[in-house]
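The values are calculated or read from the model by the stated rules, or taken from the named source; none is laboratory data. These figures come from a predicted structure and were not determined experimentally. Here Cβ is always computed from backbone atoms with ideal geometry, including for glycine, and neighbour counts include all displayed protein chains.
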Amino acid sequence: MPEAIEYERIGDIAVLAANNPPVNALGVDVRRGLLAGIERAEAEGARAVLIYGKGRTYFAGADIREFGKPPQDPWLPELCARIEASPLLVVSSIHGTALGGGLEVALATHYRVALPSARVGLPEVHLGILPGAGGTQRLPRVAGTEAALDMITTGRHVRADEALVLGVIDEVADGDPHEVGLNYTRELLESGASRRPVSEMPAPEQVNFDAVYDEVLRKGRGQISPATAVRAVQAACESESFDAGMKRERELFMDLMASDQRKGLIHAFFAERAVGKLPELQGVEPRMLHQIGVIGGGTMGAGIATAALLSGLPVVLLEMSPEAAHAAKGRIEANLSGAVKRGKLSQARYAEIMGSDLKLATGYGALSNVDLVIEAVFEDMDIKKQVFAKLDEICKPGAVLASNTSYLDINEIAAATKRPEDVIGLHFFSPAHVMKLLEVVVADKTAPNVVATGFALGHRLKKVTVRAGVCDGFIGNRILSTYRTCADHMILDGASPFQIDKALTDFGFAMGPFAVADLAGLDIGWAVRKRKRAEGLDPRARDSSYADKLCEAGHFGQKTGKGYYVYEAGKRGGVPNPEVLPLIEAERAEQGISPREFSDEEIVRRYMAAMVNEAAKVVGEGIARRPLDVDVTLLYGYGFPRYRGGPLKWADLQGLPGLLDDIRKWAAEDAYFWQPAPLLEQLVAEGRTFDDLNKEAS
Ligand code: T1G
């Protein structure tokens, strides 16, 4: 096996090269190698040590896979102290990303040079922890308290030019990191530069830490790591010595390491990287995409077209009339102008896209040469079938035919063509150029390379792409429909939409379900309810019509200014609509229900249990391949709090037996809704968790 740290002696300089692909994470072998390298350089009488990374990056951080396992010597904080204490001049040459423990090692070296393309940062808070190898003590000493607080609490990656201004690095130079590092180290030796341990620099300046703490806590919506990190930086300013500050950092670090939030966030990190790893995609080449078609230029179609155009894919957008095509163009223009304003798109590229990459059409013939078409027309099976029959006639052989339906049966849609193997669901979330989730819905006859093409498109559009099977609502909307139903039941029984929204935002959701419904448009849920009633509801299912009455009165949520909430132009968010509670009270009276009190805790418990139970059915039926696919879907498409890891990670952390007990208890009042998922029962019987299933599948 190659050494994780390679040692090379060039004149007076000992060069330590990290060789631990893919990201030179600071696992135990790398730490041992660095320690041995420093000791050898000192023993051999070198004058300086240069540390850099082979491959794509300097150290991208501690090895996250070691978290939660017994620690192995040397620990990173001790290693950093040892590097800094070396009597030799120690220099880092940074390329790629110096993140977390990587930046902490760099800060323990005496000088830092970086390539212009390099980025540095302390992203630990995103993993539910804080920098634990001196980052909270050393960074404020070189960059000042304010800049350090910003970097540590946001975890943002800082570009080399900014890092230079902040004093995090000392020099920017272009070239190969080995050469750049050697040149810089030689210059330092020639100029007689002396060692420069950051720990010996004066303590950083005081700020109003309590105010910063409160602000960061509020912004974190219940996430504790950024606020806790503020206290660690405070210790850098207020401790009597550097070592005392380090001790405080360690205590706070260990507290966070033991937290469920850390477990949730680390799960999210690996889960979002695992969703694209499917055995069925191994070795399968996706079809080439040079140009795509989008049918329908409403909010969804225009969003999908925008996402494709931003990724460099030319788009033919089909609308039914010149007026509709014109309106669609306006939506895309508005989306792209937003990207220009945010600095994500240059003016020149904007002009290029509008000038030649986007083509508007009103006849199907324009789609004869595209490699993939995404249909985003009205959510109606008959219309979709007509569209696909037409595509079957027009599109060239091998073109992928995709539907953006959010509920409808892709098998039935595929059957409207003579090439069901080319048909797939590509379920985007609105606004499609912003939301990160893409569900790739695989029908019975979808060809593997069409699935691979869906994933390749998702990758190109920078989406987190999840595989789903066919059922009503696929992974996300099926689970949504169940937890929404649970919320509706609680309303019938005595809770208010506003209490439910508040309880769930306090739990960490970006928005509560009723605010979400207002945002999405109440007409969408109304259409689904009408369809389901037309198909025939199970007589045991509880139903309610107060929400229909809102729609009948023309209140569709934000787009009409009124729904569960009333929205005033120019104001963010809304205030409770006073018409809602009387409608609910009338409904309760009609159904003969005497309302009861709900605690916020019960609301969350029931809502989450409904979500977990449906999610377990979705996994048990193979609609989602693994529990982690559900977790990622809810995290990226439904505002689930990332620090809770996703519903099934949350369930594991709560304990599955207790959840199943509750579900069985509630089944006594509503046996139809609270049917325990067979998979949940099985896991409890076997004493296993959802995460055990994830591990078995990887
Ligand atoms: N440990 C282990 N594996 C890691 C890793 C890490 N730190 N970072 C990445 N990987 C794996 C990843 O799972 C994937 O594996 C492969 O590398 C490529 O990653 C004491 C406590 C560096 C910007 O938070 O942000 O230091 O899926 O697909 O898009 O304070 O990875 O191929 O099997 O993401 O080019 C702090 C986390 C740790 C950085 C590269 N560091 N990594 O992005 O590739 S905590 C981080 C990233 C810490 C100290 C502490 C990104 C990246 P596989 P990728 P990428």
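Given the condition without any contact (Cβ under 8 Å) to a residue 24 or more places away in the chain, surrounded by fewer than 22 Cβ atoms within 10 Å (Cβ to Cβ) and in the same structural domain as Gly121 (by TED's automatic domain parsing), answer yes or no: does some residue in segment 199-210 qualify? Explain how you work it out, then say what you get.
From segment 199-210, those without any contact (Cβ under 8 Å) to a residue 24 or more places away in the chain are 208, 210; that's our starting set.
Narrowing the set further to residues that are surrounded by fewer than 22 Cβ atoms within 10 Å (Cβ to Cβ) leaves 208, 210.
With the extra rule that they be in the same structural domain as Gly121 (by TED's automatic domain parsing), the set shrinks to 208, 210.
Within segment 199-210 (the criterion being without any contact (Cβ under 8 Å) to a residue 24 or more places away in the chain, surrounded by fewer than 22 Cβ atoms within 10 Å (Cβ to Cβ) and in the same structural domain as Gly121 (by TED's automatic domain parsing)), the answer is yes, since at least one residue qualifies.
Consider Ala258 carefully, then state whether it is within 14 Å of the ligand (Cβ to nearest atom), of a type in the set (A, V, I, L, M) and more than 18 Å from the chain's Cα centre (by Cα).
yes
For segment 101-156, what are the residues that are under 25 Å from Lys219 (Cα atoms), surrounded by fewer than 24 Cβ atoms within 10 Å (Cβ to Cβ) and more than 24 Å from the chain's Cα centre (by Cα)?
Ala143, Gly144, Thr145, Glu146, Ala147 - these are the residues of segment 101-156 that are under 25 Å from Lys219 (Cα atoms), surrounded by fewer than 24 Cβ atoms within 10 Å (Cβ to Cβ) and more than 24 Å from the chain's Cα centre (by Cα).
Is segment 154-174 home to any residue that is in contact (Cβ under 8 Å) with a residue 12 or more places away in the chain, in contact with a Ser or Thr (Cβ under 9 Å, 6 or more places away or on another chain), assigned by TED's automatic domain parsing to the domain that holds Ser225 and of a type in the set (Ser, Thr, Tyr)?
No, the conditions are met nowhere in segment 154-174.
Of the conditions (1) in a strand (DSSP E or B); (2) touching a residue at least 60 places away in the same chain (Cβ under 8 Å), Leu438 fails just one. Which one is it?
(2)
Any residue in segment 115-131 that's free of Cβ contacts under 8 Å to residues at least 60 places away in the same chain and under 18 Å from Gly167 (Cβ atoms): show its pairings with residues that are more than 8 Å from the ligand (Cβ to nearest atom) and among the aromatic types (Phe, Trp, Tyr) at Cβ separation under 8 Å, as long as the two are six or more apart or on different chains.
Sorted first by the residue in segment 115-131, then by its partner, the list stays empty.
Counting just the residues of segment 345-401 that are in a helix (DSSP H, G or I) and of a type in the set (S, T, N, Q), which one comes out nearest to Pro448 (Cα to Cα)?
Among those residues, the one meeting the criterion is Gln386.
Among the residues of segment 402-426, write down those that are surrounded by 20 or more Cβ atoms within 10 Å (Cβ to Cβ) and assigned to a helix (DSSP H, G or I).
Ile410, Ile413, Ala414, Pro420, Asp422
Within segment 482-561, which helices (runs of 4 or more DSSP H) (wholly inside it) include 2 or more residues that are in contact with a Cys (Cβ under 7 Å, 6 or more places away or on another chain) and in the same structural domain as Met608 (by TED's automatic domain parsing)? Spell out the reasoning first.
Details: elements: 497-507, 513-520, 522-535, 546-552.
The helices (runs of 4 or more DSSP H) meeting that bar are 522-535.
Matching residues to (1) buried (at least 24 other Cβ atoms within 10 Å of the Cβ); (2) among the basic types (Lys, Arg); (3) farther than 21 Å from Ile304 by Cβ:
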{"position": "Met435", "(1), (2), (3)": "no, no, no"}
{"position": "Leu438", "(1), (2), (3)": "yes, no, no"}
{"position": "Asn449", "(1), (2), (3)": "no, no, yes"}
{"position": "Met490", "(1), (2), (3)": "no, no, yes"}
{"position": "Pro497", "(1), (2), (3)": "yes, no, yes"}
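Please pick out the residue among Glu179, Glu146 that is under 28 Å from Gln234 (Cβ atoms), among the charged types (D, E, K, R) and more than 15 Å from the ligand (Cβ to nearest atom).
So the residue among Glu179, Glu146 that is under 28 Å from Gln234 (Cβ atoms), among the charged types (D, E, K, R) and more than 15 Å from the ligand (Cβ to nearest atom) is Glu146.
Can you pull out the residues in segment 1-48 that are away from the ligand (no atom under 16 Å from the Cβ), in a loop (DSSP other than H, G, I, E, B) and among the hydrophobic types (A, V, I, L, M, F, W, C)?
Met1, Ala46
Within the group Gly639, Gly622, which residue is under 18 Å from the mean Cα position of the chain (by Cα) and assigned to a loop (DSSP other than H, G, I, E, B)? Show your work before the answer.
Numbers: Gly622 fails: under 18 Å from the mean Cα position of the chain (by Cα).
Just a single option satisfies the conditions, and that option is Gly639.
For segment 451-480: of the residues being part of a loop (DSSP other than H, G, I, E, B) and not hydrophobic (A, V, I, L, M, F, W, C), which is surrounded by the most Cβ atoms within 10 Å (Cβ to Cβ)?
Filtering segment 451-480 for residues that are part of a loop (DSSP other than H, G, I, E, B) and not hydrophobic (A, V, I, L, M, F, W, C), the one surrounded by the most Cβ atoms within 10 Å (Cβ to Cβ) comes out as Lys463.
Scan (1) surrounded by fewer than 20 Cβ atoms within 10 Å (Cβ to Cβ); (2) in contact with a Ser or Thr (Cβ under 6 Å, 6 or more places away or on another chain) for the single condition Phe67 breaks and write down its number.
Tallying (1) surrounded by fewer than 20 Cβ atoms within 10 Å (Cβ to Cβ); (2) in contact with a Ser or Thr (Cβ under 6 Å, 6 or more places away or on another chain), Phe67 fails exactly one: (2).
Looking at segment 308-336 only, could you name the residues that are touching a helix residue (DSSP H, G or I) at 6+ places or on another chain (Cβ under 7 Å), in a helix (DSSP H, G or I) and not polar (S, T, N, Q)?
Leu309, Leu310, Ala328, Arg331, Ile332, Glu333, Leu336
Can Lys54 be described as within 16 Å of the ligand (Cβ to nearest atom), over 24 Å from Gly132 (Cβ atoms) and not polar (S, T, N, Q)? Working first, answer last.
Working: within 16 Å of the ligand (Cβ to nearest atom): yes; over 24 Å from Gly132 (Cβ atoms): yes; not polar (S, T, N, Q): yes.
Yes, satisfied.
Within 15 Å of the ligand (Cβ to nearest atom) and either assigned by TED's automatic domain parsing to the domain that holds Gln206 or touching a Lys or Arg at 6+ places or on another chain (Cβ under 8 Å) (or both): does that describe Pro123?
Judged against the criteria, Pro123 is a match.
Please tell me if Ala43 is within 36 Å of the chain's Cα centre (by Cα) and at negative phi.
no
Condition (residue is within 24 Å of Phe429 (Cα to Cα), part of a loop (DSSP other than H, G, I, E, B), touching a Gly at 6+ places or on another chain (Cβ under 7 Å) and away from the ligand (no atom under 16 Å from the Cβ)) applied to segment 284-305: is it met by at least one residue?
yes
Filter segment 262-283 down to the residues that are surrounded by 18 or more Cβ atoms within 10 Å (Cβ to Cβ) and part of a loop (DSSP other than H, G, I, E, B), then identify the one that is nearest to the ligand (Cβ to nearest atom).
Val275
Let me spell it out: the conditions are (1) farther than 19 Å from Leu309 by Cα; (2) in contact with a strand residue (DSSP E or B) (Cβ under 8 Å, 6 or more places away or on another chain), and Pro397 meets all of them except one. Which number is the exception?
The number of the failed condition is (2).
Being among the β-branched types (Val, Ile, Thr) and in contact with a Phe, Trp or Tyr (Cβ under 7 Å, 6 or more places away or on another chain) is the filter here; which residues of segment 291-332 pass it?
Looking only at segment 291-332, we keep the residues that are among the β-branched types (Val, Ile, Thr), and these are 292, 294-295, 299, 304, 306, 315-316, 332.
Within segment 291-332, Ile304 is the sole residue that qualifies.
Among the listed residues Ile94, Ile83, identify the single one that is assigned by TED's automatic domain parsing to the domain that holds Asn183 and closer than 19 Å to Val165 by Cβ.
Testing whether each residue is assigned by TED's automatic domain parsing to the domain that holds Asn183 and closer than 19 Å to Val165 by Cβ leaves just Ile94.
Out of the residues in segment 64-114 meeting the condition of being among the acidic types (Asp, Glu), within 16 Å of Leu35 (Cα to Cα) and part of a helix (DSSP H, G or I), tell me which one is nearest to the ligand (Cβ to nearest atom).
This residue is Glu104.
Out of the residues in segment 527-566 that are in contact (Cβ under 8 Å) with a residue 60 or more places away in the chain and in contact with a Leu (Cβ under 9 Å, 6 or more places away or on another chain), which is surrounded by the most Cβ atoms within 10 Å (Cβ to Cβ)?
Tyr564
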